[in-house]
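Here's the structure, in C-alpha cells; my notes come after.
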Amino acid sequence: MVRDHGFHPVRVTRIVRETTDARTYVLDAPFGYRAGQFLTLRACGTLRSYSMSSSPDTDGELMTTVKRVPGGLVSNWLHDHLAPGDLIEVTRPAGVFCLRETTAPLVAFCGGSGITPVMSLAKSALATTDRRVRILAADRDAGSVIFADALAELARRHPSRFEIRHHLDADDGFVTPGAVREFAGDDTDADFYICGPEPYMELVERALLAHGAAPERILVERFTPAEEPPAAPEAPAESELEGTVTIVFAGKKHTVPQHSGETFLMSARRAGLSPPYSCEAGNCATCIAQVTEGRAEMRVNNALEEDEVAEGWVLTCQGEPASPRVTVVYED
Ligand SMILES: Cc1cc2nc3c(=O)[nH]c(=O)nc-3n(C[C@H](O)[C@H](O)[C@H](O)COP(=O)(O)OP(=O)(O)OC[C@H]3O[C@@H](n4cnc5c(N)ncnc54)[C@H](O)[C@@H]3O)c2cc1C
C-alpha cells in the first residue's frame with residue numbers, strides 16, 4: 001500500500017452550529033475512511049487533527065466537529081474565519097480508534113468534544129452490526145451537549161440496542177469512579193472507547209480496569225498529549241551512539257550521529273530541518289515517515305495500523321533507531 005499523507009485542498013460545503021462553541025464542518029472530501037478516524041488540517045501555519053463525526057456507513061458526506069478551545073489558535077480560527085465555499089488543506093484520514101471485529105457490546109465514555117469519534121463509531125456499529133451500543137456522555141451543562149438531537153434520534157431508532165446517558169457536571173459534579181462502574185455494569189466483556197479531557201480519561205480507564213475490564217479491550221483517543229513531550233536531550237558527546245540516522249526530507253539527504261533517547265523528529269531538528277509534526281504524542285500521524293533502511297521502535301503508537309507499521313511507516317515523534325544505521329524518508 002502506498003500511504004498518501006500529503007495535504008489535499010477540499011471545499012467546505014456547509015457549517016452546522018451544534019452548540020455555542022461547537023461547529024460541524026461538512027467537507028467535500030472524496031476520501032474513504034473508517035468510523036473513529038481523524039484527519040489533520042493545515043491552518044494558521046500549523047497542523048491540528050480533527051475526528052470525523054460522520055459515519056462512512058450512514059452519512060453521504062464527510063463531517064468533522066470542532067469545539068472552541070479558549071485561547072486556542074486553530075479551533076478559534078476555524079470558528080471565526082472558515083466559511084462555506086472556502087478551501088482547506090487536509091490529509092487523508094488516519095487513526096486506530098476504530099471498530100473491531102467482535103459481537104461484544106460497545107460501551108463508550110466521552111467528555112465534551114470527545115463525542116465526535118464516538119458518534120461516528122456508534123452510527124457505524126448500529127448500522128453494520130447487531131451489537132449493543134451504550135454511551136455515557138459527560139458535559140459541563142445542557143447547553144454544551146453536542147449532538148443531543150442526533151443521539152436522541154439514534155435512541156428512538158434503536159430502542160433495544162442503543163443507550164445514551166448524559167452526565168451534566170452542573171447537576172452532578174464530575175463523573176466519579178462509582179458512576180463509571182455503575183454504567184459499565186455487567187458489560188465487563190465490552191469493547192470500551194474513551195475520549196475526552198485527560199483527567200476524565202484517566203479516571204474512566206482506572207475505574208474500568210478496577211471493575212474487571214481487560215486492558216486490551218479499552219481503546220482511548222487522546223486529543224491532547226497525556227504528558228509533556230520529552231524535551232530533546234542536550235546532546236552531550238557521551239550520549240552519542242555508534243551509528244547514524246539519515247533523514248530524507250524534501251528530497252535531500254541529511255545524516256547525523258545517533259544520540260541516545262532521541263526520536264527521529266529530534267534528530268531531524270538537530271540536522272536543522274523543520275519536518276511536519278503536531279501532537280508530539282503519537283496520536284495524530286502528522287509526522288509520519290517511512291523507514292527504508294534499518295529498524296525503528298516507537299514509544300507510543302496511537303495512529304498507525306499494524307500493516308502500516310509492517311511497511312516501515314513510523315511516527316517520527318515517537319520513533320527511535322533500533323539498528324546502527326537507519327534511514328527515514330518523509331513524503332514530499
Ligand atoms: C487524534 C486527534 C483527534 C482530535 N479530534 C478532535 C475533534 O474531533 N474535535 C475537536 O474539537 N478537537 C479534536 N482534537 C483536538 C484538536 O486537534 C486541537 O488540539 C484543539 O482544537 C485545540 O487546538 P487549538 O489550536 O485551538 O489550541 P492550541 O493553540 O493548540 O492550544 C491552546 C491551549 O489549550 C490547550 N488545549 C489544546 N487542546 C485542547 C483540548 N482539546 N481541550 C482542552 N485544552 C486544550 C493547550 O494545552 C493550550 O494551553 C483532536 C486531537 C487529536 C490528536
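Nothing in this text is a laboratory measurement; each read-out follows from the coordinates by a stated rule. These figures come from a predicted structure and were not determined experimentally. All Cβ positions, glycine included, derive from the backbone under ideal geometry; neighbour counts span all protein chains shown.
Values for this structure:
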{"read-out": "The chain - mean residue ellipticity at 222 nm from DSSP helices (-39,500 (n - 2.57) per run, n ≥ 4, rounded to 500)", "value": "-6000 deg cm²/dmol"}
{"read-out": "DSSP-defined beta bridges in the chain - what % are antiparallel, rounded to 5", "value": "60 percent"}
{"read-out": "Charge dipole magnitude, Cβ of K and R +1, D and E -1 - the chain, Cα centre, debye nearest 20", "value": "680 debye"}
{"read-out": "Acute angle (nearest 10 degrees) that the helix 115-128 long axis makes with the longest principal axis of the chain, alpha-carbon atoms", "value": "70 degrees"}
{"read-out": "Rounded tilt (10° steps) of 198-210 against the dominant C-alpha axis of the chain", "value": "70 degrees"}
{"read-out": "13 Å Cα-Cα reach of K123 towards aspartates and glutamates, excluding residues that sit fewer than 8 places from it in its own chain", "value": "D57, D59, E153, E163"}
{"read-out": "GNM result for the chain, Cα springs below 10 Å: residue of K252, K67, K123 fluctuating most strongly", "value": "K252"}
{"read-out": "Of the chymotrypsin sites (Phe, Trp or Tyr not before Pro) in the range 123-209, those whose Cβ has at most 16 other Cβ within 10 Å and which sit in DSSP loop", "value": "F174"}
{"read-out": "For the range 237-329, size of Cβ-based charge dipole, Lys and Arg +1, Asp and Glu -1, in debye", "value": "440 debye"}
{"read-out": "Long-range amide H partners of I135 with built H, under 5 Å", "value": "A108, E163, I164, R165"}
{"read-out": "C-alpha long axis of helix 148-157 to longest principal axis of the chain, angle in °", "value": "60 degrees"}
{"read-out": "Loop-resident sites, the range 124-194, for trypsin sites (Lys or Arg not before Pro), counting at most 12 other Cβ within 10 Å (DSSP)", "value": "R140"}
{"read-out": "Dipole of the chain, positive direction: furthest Cα of L209, A125, G243, with charges on the beta-carbon", "value": "A125"}
{"read-out": "Relative intensity, log₁₀ I(q)/I(0), of the chain from a Debye sum that treats every alpha carbon as a point, q = 0.15, 0.16 Å⁻¹", "value": "-1.25, -1.36"}
{"read-out": "Distance from the range 255-332 to the range 159-183 (C-alpha centre basis), Å", "value": "39 Å"}
{"read-out": "Positive dipole terminus of the chain, leading residue within S274, C44, G114 (C-beta point charges)", "value": "C44"}
{"read-out": "Size-normalised alpha-carbon gyration radius of the range 106-220, reference 2.2 N^0.38 Å", "value": "0.98"}
